[in-house]
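Here the structure is laid out as structure tokens; the discussion comes afterwards.
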Amino acid sequence: MRTPASVRLVAGLGPKGWLAIAAVALVAWVGVPLAHLMLPESHPLHVSTYAITLLGKILCYAVVAVAMDLIWGFGGILSLGHGLFFALGGYSFGMYLMRQIGRDGSYGAAIPDFMVFLDWKELPWYWAGTDSFLWCLLLAMAVPGVIAFIFGYFAFRSRIKGVYFSIITQALTYAAMLFFFRNETGFGGNNGFTDFKRILGYSITAPETRVVLFGLSVTLLLATIVLGKALIASKFGKVLTAIRDAENRVMFIGYNPLHYKLFIWTLSAMLCGLAGALYVPQVGIINPSEMSVANSIEIAIWVAVGGRGTLIGPVFGAGIVNLSKTWFTTSFPEYWLFFLGLLFILVTLYLPQGVVGLWARLKARKAEKAALAEARASVAAAPRATAAPEAKIPNGTAATVAKGA
Amino acid sequence: MKRIFLLLSLVLGLWAGSAGAALDPAILKGLASDDFDAKQAAVAGLAAAGDDADAQRLLKALSDDAVAVAGERVVIVAGDQVLDAASGAAIKPAPANSESISLNNSLRQQVDGALAALRLFSTDTAERLAAARLLLADMGDGAVLLPLLDKALAHEQDPVIKDILVRLHAQASLGSPDAAVRLKAVQELGESASPAVKALLLGLLDKQGDDFAEPDEKVRLAAQTAIKAIDGRLAWSDTAGQIFTGISLGSILLLAALGLAITYGVMGVINMAHGELLMVGAYSAYAMQALFRARFPEFVDYYLLAAVPVAFFVAAAVGMAMERTVIRHLYGRPLETLLATWGLSLVLIQAARLLFGAQNVEVANPAWMSGGVQLADNLSLPWNRLVIVAFSGFVLLVVWLMMNKTRLGMFVRAVTQNRPMAGCVGVPTARIDTLAFGIGSGIAGLGGVALSQIANVGPDMGQGYIVDSFMVVVLGGVGQLAGAVWAALGLGIVTKFLEGWAGAVIAKILVLVFIIIFIQKRPQGLFALKGRFVD
């Protein structure tokens, strides 16, 4: 008998996992708001607006990283165009924020300022209904989803994979960036969408709004991880990893990889769209440079630094890379590209499983040493001719971190 | 209009009386006056004097700002001497105080036009041709030159110059007050195939308020017919021009893609730093230019010839170092190679920024590469692009010879087709990898030299090329030179035509869509290797 999905979901994470999630959620929804709103600025535990915005931004990136890990770490598909889906989500929701400005823009018109600038009289058809919060939220998922579905269908159907697929996704996001840079396409051109004022009627810069957005980002990240965990633990996940490791053999057994790849690809794009929708109100701007080729490749390095094929790794990766980016670009801006470039090279050369893999390796070595010492002690105590017990491989991590690539 | 009448009457009047005698005092008086209209009339008079030596000398002096008024006399100041404008005789003693005659822009244009028109009477055919071309580019007020052109037409024997003169004459007649003259001019201009003439005729149809620029209905109709006729003649040379720019883009793509095709073919990895190797090549050209300027200024026009081998070896060295230190260790992990080489590209970009600055640097075309071959009025093939097309043909030939006629090439092909088997029969695959990578990178360096002649040279110039050159490799199929050639030229020409038709962005998107559809049909590229390729 099949266990219901909900039961498997709970079981898949284990009590420790759920406890961790509850703790993180508590900190995000209670601890951070209290520290930001209640504590005076001089207090050592006070969380500044800057910190909340930065963390919120990184949390959105972390969602993208987990979504990327789902397709790359588990599906073996390296996308160099995930920035596109992120930006599409951002643009969809950004339009809602543009509409919320209402008549408070510099021109006092009912349509966004950049359209007045283009001398447009009304909204173009594709922005119809964007004054509705729910519709825009739906758009933020549906637009990346539909584009990913169509693109993925044609790409996977003809079995484009490996570097071919990566380069074509890169070309896709590059073409989209050029398209969004144009003024007459109705996406705000160079400047994109900015100068937001309100969200659902609340001021977008109010500390309370920021705290809520931050909490939502944490929640989205947790939900993504839980969903990913459930997917990977399911039969679907097993077939997916099998496709990653030996696509032809999976086909010979009788599975059609198209459905599996297409599903995880589309899901990943939609998650990116949602992350983009949460990113825009916190950062306050969305413009075509989000779709630049370099940005999309950076997403891959977050995942690689954290550890592919683990769901928690990308979260760390996104955090590490983006915090160092913030630090470098303020302290030694001219060395940031050197650092990033070396990170790309060194991580791929020496840390194929990222920091999580490094952690697992250190733990394994420690266990090995302990076992060795124990064996020596027992040999000394009783001269039995048994070999030292096999070093214990920690559950999960090392086993799931398969070869990939 | 009224002013032109005035000028014409003056010019025609002078025309009759100017022969033989020294300059008309009325002209000099006009020049000395403060009124620009009077000055204009005076210059027109000088122009009409035709091949009169005094008039030419005065015009030349006007153009050099060397004419002054001393008391009642108009004089030419030439160094220490002061000459009388009318006779050219030196005045002794030089008048104490003189005030130079100032020209405004339109007057200066007119003086230059008149000078050029006077050169139409030179005995040297080349100079007459140059003068006619000069007038074609910028005639100024045509009506003033009309009598001169009439005279020149009567004299001219050379058919080429005569053609130009006919057109000039027609252009000048457009300003005529007589509708019949204008009509005849428009009909004559309809014989041309020049975009400039088309613009001129379009100008007649412009509306200023409620009135057309050309008041006569019949002339307007004739202009419309003439424009249609010109359009028809322009169409083919436009197409030829687009094909040429397409081929020129294609040859750049080919240089970028040839190297990538070799490295991708041999090792199955995409080198994301390939575009940066182009950049290395371009900066090598820049460095050679700087070296030649500093050390061998007399040979500076030949720096490019020196840059070719230098760029090849510098880029090849960078590529081989990359292969030895990074790519070799990622063998069998193509996606991670993608990321690692991207990291390399970031490092190279930043290194270039620190070494040469973040701004674009200036790499000049050598003198022998500037200018172009004028095939038609709207079709000129610039020398730098022609040289690049020829250069990429040369590189292609060398690569073909190397791949097909040398032992190294045979090894490279063997590793491309079947690495384990090649290893089994004694091909040193690891060394071939390094060498092939070096050669591919070196070719990219050559592409960079070519690119430095037509594009900006800056630290991130190579970023845009990786996708395009990979598309060429995808289209052409791996390990096939012929495939790469057809794919590069085809992609170049198609892109240029689409750009002309739909703009650069849409063209980019359409090309991408086309390639995705193409891969649906032929996943192995245009020219697939025969054999079994299943992973």
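The values are calculated or read from the model by the stated rules, or taken from the named source; none is laboratory data. Model, not experiment: these values are computed from the prediction. Note that each Cβ is placed from the backbone with ideal geometry, even for glycine, and that neighbours are counted across all protein chains shown.
Select from the stretch A:159-190 the residues that are under 30 Å from A:GLY108 (Cβ atoms), at pLDDT 85 or above and assigned to a helix (DSSP H, G or I) and list them in ascending order.
Those that are under 30 Å from A:GLY108 (Cβ atoms), at pLDDT 85 or above and assigned to a helix (DSSP H, G or I): A:PHE179, A:PHE180, A:PHE181.
Being surrounded by 24 or more Cβ atoms within 10 Å (Cβ to Cβ) and within 19 Å of B:LEU435 (Cα to Cα): is that true of B:GLY259 here?
When the stated conditions are applied, B:GLY259 passes them.
Within the stretch B:104-125, can you find the residues that are of a type in the set (Asp, Glu) and under 18 Å from B:ALA154 (Cβ atoms)?
None - no residue of the stretch B:104-125 is of a type in the set (Asp, Glu) and under 18 Å from B:ALA154 (Cβ atoms), so the list stays empty.
From A:SER166, A:SER132, which residue is within 14 Å of chain B (Cβ to nearest Cβ) and of a type in the set (S, T, N, Q)?
On the way: A:SER132 fails: within 14 Å of chain B (Cβ to nearest Cβ).
A:SER166 is the lone residue from the list that is within 14 Å of chain B (Cβ to nearest Cβ) and of a type in the set (S, T, N, Q).
Inspect all residues belonging to the stretch B:357-378 and state whether any of them is within 20 Å of B:LEU277 (Cβ to Cβ), in contact with a helix residue (DSSP H, G or I) (Cβ under 8 Å, 6 or more places away or on another chain), surrounded by fewer than 18 Cβ atoms within 10 Å (Cβ to Cβ) and within 14 Å of chain A (Cβ to nearest Cβ).
No - not one qualifying residue is present in the stretch B:357-378.
Residue by residue, here is whether (1) under 26 Å from the mean Cα position of the chain (by Cα); (2) assigned to a loop (DSSP other than H, G, I, E, B) holds:
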| site | (1), (2) |
| --- | --- |
| B:ALA180 | no, no |
| B:LYS198 | yes, no |
| B:LEU202 | yes, no |
| B:ALA229 | no, no |
| B:ILE243 | yes, no |
| B:ILE247 | yes, no |
| B:LEU254 | yes, no |
| B:GLY259 | no, no |
| B:VAL269 | no, yes |
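Among the residues of the stretch B:101-128, how many are surrounded by 13 or more Cβ atoms within 10 Å (Cβ to Cβ) and either of a type in the set (Ser, Thr, Tyr) or more than 36 Å from the chain's Cα centre (by Cα) (or both)?
Of the residues in the stretch B:101-128, the ones surrounded by 13 or more Cβ atoms within 10 Å (Cβ to Cβ) are B:101, B:103, B:107-122, B:125, B:127-128.
Checking which are either of a type in the set (Ser, Thr, Tyr) or more than 36 Å from the chain's Cα centre (by Cα) (or both) leaves us with B:101, B:122, B:125.
Summing the residues that are surrounded by 13 or more Cβ atoms within 10 Å (Cβ to Cβ) and either of a type in the set (Ser, Thr, Tyr) or more than 36 Å from the chain's Cα centre (by Cα) (or both) in the stretch B:101-128 gives 3.
When you look at A:THR185, is it within 14 Å of chain B (Cβ to nearest Cβ), of a type in the set (Ser, Thr, Tyr), buried (at least 19 other Cβ atoms within 10 Å of the Cβ) and within 19 Å of A:GLY94 (Cβ to Cβ), yes or no?
For A:THR185, the condition - within 14 Å of chain B (Cβ to nearest Cβ), of a type in the set (Ser, Thr, Tyr), buried (at least 19 other Cβ atoms within 10 Å of the Cβ) and within 19 Å of A:GLY94 (Cβ to Cβ) - is not met.
For residues that are in a loop (DSSP other than H, G, I, E, B) and either out of contact with any helix residue (DSSP H, G or I) (no Cβ under 7 Å at 6 or more places or on another chain) or basic (Lys, Arg) (or both), tally how many sit in the stretch A:276-291. Working first, answer last.
Of the stretch A:276-291, the ones in a loop (DSSP other than H, G, I, E, B) are A:284, A:287.
Checking which are either out of contact with any helix residue (DSSP H, G or I) (no Cβ under 7 Å at 6 or more places or on another chain) or basic (Lys, Arg) (or both) leaves us with A:284.
Final tally of qualifying residues: 1.
Quick one: which residue in B:SER194, B:SER173 is in contact with a helix residue (DSSP H, G or I) (Cβ under 8 Å, 6 or more places away or on another chain), under 22 Å from B:LEU375 (Cα atoms), surrounded by 15 or more Cβ atoms within 10 Å (Cβ to Cβ) and among the small types (Gly, Ala, Ser)?
Every option except B:SER194 fails the conditions.
If A:ASP69 satisfies all but one of (1) assigned to a helix (DSSP H, G or I); (2) in contact with a Pro (Cβ under 7 Å, 6 or more places away or on another chain); (3) away from every other protein chain (no Cβ under 14 Å), what's the number of the condition it fails?
Result: A:ASP69 passes all but (3).
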